[in-house]
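*Asks:* Shown below is the structure under consideration.
The values are calculated or read from the model by the stated rules, or taken from the named source; none is laboratory data. Keep in mind that what you see is a predicted model, and the values were worked out from it rather than measured. Heads up, the Cβs are rebuilt from the backbone with ideal geometry, glycines too, and the neighbour counts pull from every protein chain shown. Please note that ligands, DNA and RNA were not included when accessible areas were found on the heavy atoms of the full protein model with its side chains. Shrake-Rupley method; radii C 1.70, N 1.55, O 1.52, S 1.80 Å.
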Amino acid sequence: MPRLGAVQALLDVNDQNFVDVVEKSSVPVLVDFWAPWCGPCRLIEPLLEEISNEYDGRMLTVKVNTDESPTTATKLGIRSIPSLMLFKDGDRKETIVGAVPKSTITAALEKLL
């Protein structure tokens, strides 16, 4: 159990391990497609860390750098970042594009849990 107030780092996923980490996960996965130069991506990262802590044990939160993992981003049709995708049982269930409020992300998560 994480300490109260502790921030859980988001797991970095790439082209090599995306299938194993995301598509084969036994729990739902929230995937953040981002890049270091993307201002809105940096804006939502603290929200994603909060969500990761709040849903710890019920879901996994990962991030994919689209500059370093272009194959995965292209395969999934990522055209704008930040893009968030929710996977359950290996299937993409929802896509959220842009820097959105935390409530938008958690509402989508609650439908899967």
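*Asks:* In the neighborhood of THR66, defined by Cβ-to-Cβ distances under 13 Å, what is the net charge if each Lys or Arg adds +1 and each Asp or Glu adds -1?
*Replies:* Details: positive: LYS63, LYS75, ARG79; negative: ASP12, ASP15, ASP32, ASP67, GLU68.
Local charge sum for THR66: -2.
*Asks:* Here's something else I'd like to know. I need the calculated FRET efficiency for the pair LYS75 and GLU45, taking r as the beta carbon distance and R₀ as 25 Å, to the nearest 0.05.
*Replies:* 0.60
*Asks:* Report, for the chain, the % of DSSP beta bridges that are antiparallel, rounded to 5.
*Replies:* Percent antiparallel among DSSP bridges in the chain is about 50.
*Asks:* Given the options ASN17, ASN53, ASN65, state which has the largest fluctuation in a GNM of the chain using a 10 Å cut-off (strictly under) for Cα springs.
*Replies:* Ranking ASN17, ASN53, ASN65 by mean-square fluctuation puts ASN17 first.
*Asks:* If you don't mind, there's one more thing I want to ask. Between ALA35 and THR95, what is the spin-label point distance in nm, taking each point 7 Å from the Cα along the Cα→C-beta axis?
*Replies:* Going from the ALA35 label point to the THR95 one covers 1.7 nm.
*Asks:* Related question: Could you give the accessible area per residue of the chain, probe 1.4 Å, as a whole number in Å²?
*Replies:* With the other protein chains kept in place, the chain gives 55 Å² per residue.
*Asks:* Considering only protein heavy atoms and a probe of 1.4 Å, how much of the accessible area of the stretch 56-113 is carbon and sulfur, as a whole percent?
*Replies:* 46
*Asks:* Suppose every K and R has +1 on its Cβ and every D and E has -1 on its Cβ; what is the size of the dipole of the chain about the Cα centre, in Debye to the nearest 20?
*Replies:* 240
*Asks:* Per DSSP helix of 4 or more residues, -39500 (n - 2.57); summed, then divided by the residues of the chain. What does that give at 222 nm, rounded to the nearest 500?
*Replies:* Using -39500 (n - 2.57) per qualifying helix, the result is -9000 deg cm²/dmol.
*Asks:* Sticking with this one: Gain in length, ASN14 to GLU110, computed as 0.36 nm per residue apart minus the alpha-carbon separation, to one decimal in nm?
*Replies:* 32.0 nm
*Asks:* Checking the table LYS24/LYS93; LYS24/LYS88; LYS63/LYS88; LYS24/LYS102 against a 18 Å threshold on Cα-Cα, which pairs fail?
*Replies:* LYS24/LYS102
*Asks:* While we're here: With θ set to phi - 60°, apply the Karplus curve 6.51 cos²θ - 1.76 cosθ + 1.60 along the stretch 46-52 and write out the HN-Hα couplings as whole Hz, x wherever there is a Gly or Pro.
*Replies:* Each residue of the stretch 46-52 in turn: x, 5, 5, 5, 4, 4, 4 Hz.
*Asks:* List, in order, the whole-Hz ³J(HN,Hα) value for each residue of the stretch 96-113 obtained from phi through the Karplus relation with A = 6.51, B = -1.76, C = 1.60 and θ = phi - 60°; use x for Gly and Pro.
*Replies:* My calculation for the stretch 96-113 gives 10, 10, x, 7, 10, x, 4, 4, 5, 5, 5, 4, 5, 5, 4, 5, 8, 9 Hz in order.
*Asks:* Residue by residue, what Karplus-based ³J(HN,Hα) values in Hz, rounded to whole numbers, does the stretch 29-38 have, using 6.51, -1.76 and 1.60 with θ = phi - 60° and x for Gly and Pro?
*Replies:* Those phi angles translate into 10, 9, 10, 9, 8, 8, 8, x, 7, 8 Hz.
*Asks:* Run the dipole for the stretch 61-113 about the Cα centre, Lys and Arg Cβ at +1, Asp and Glu Cβ at -1, nothing else charged, and hand back the magnitude in debye, nearest 20.
*Replies:* 100
*Asks:* How long are the semi-axes of the ellipsoid equivalent to the chain, from square roots of 5 times the Cα gyration tensor eigenvalues, in whole Å, largest first? Don't skip to the end; give the middle numbers.
*Replies:* Numbers: eigenvalues 75, 54, 38 Å².
The three semi-axes for the chain are 19, 16, 14 Å.
*Asks:* Follow-up. Measure out, as a whole number of angstrom, how far apart the alpha-carbon centroids of the stretch 83-113 and the stretch 14-28 sit.
*Replies:* 16
*Asks:* Still on this structure: Loop-only GluC sites (Glu not before Pro) in the stretch 19-113, please: DSSP not H, G, I, E or B, and at most 12 other Cβ atoms within 10 Å.
*Replies:* Passing sites in the stretch 19-113 do not exist.
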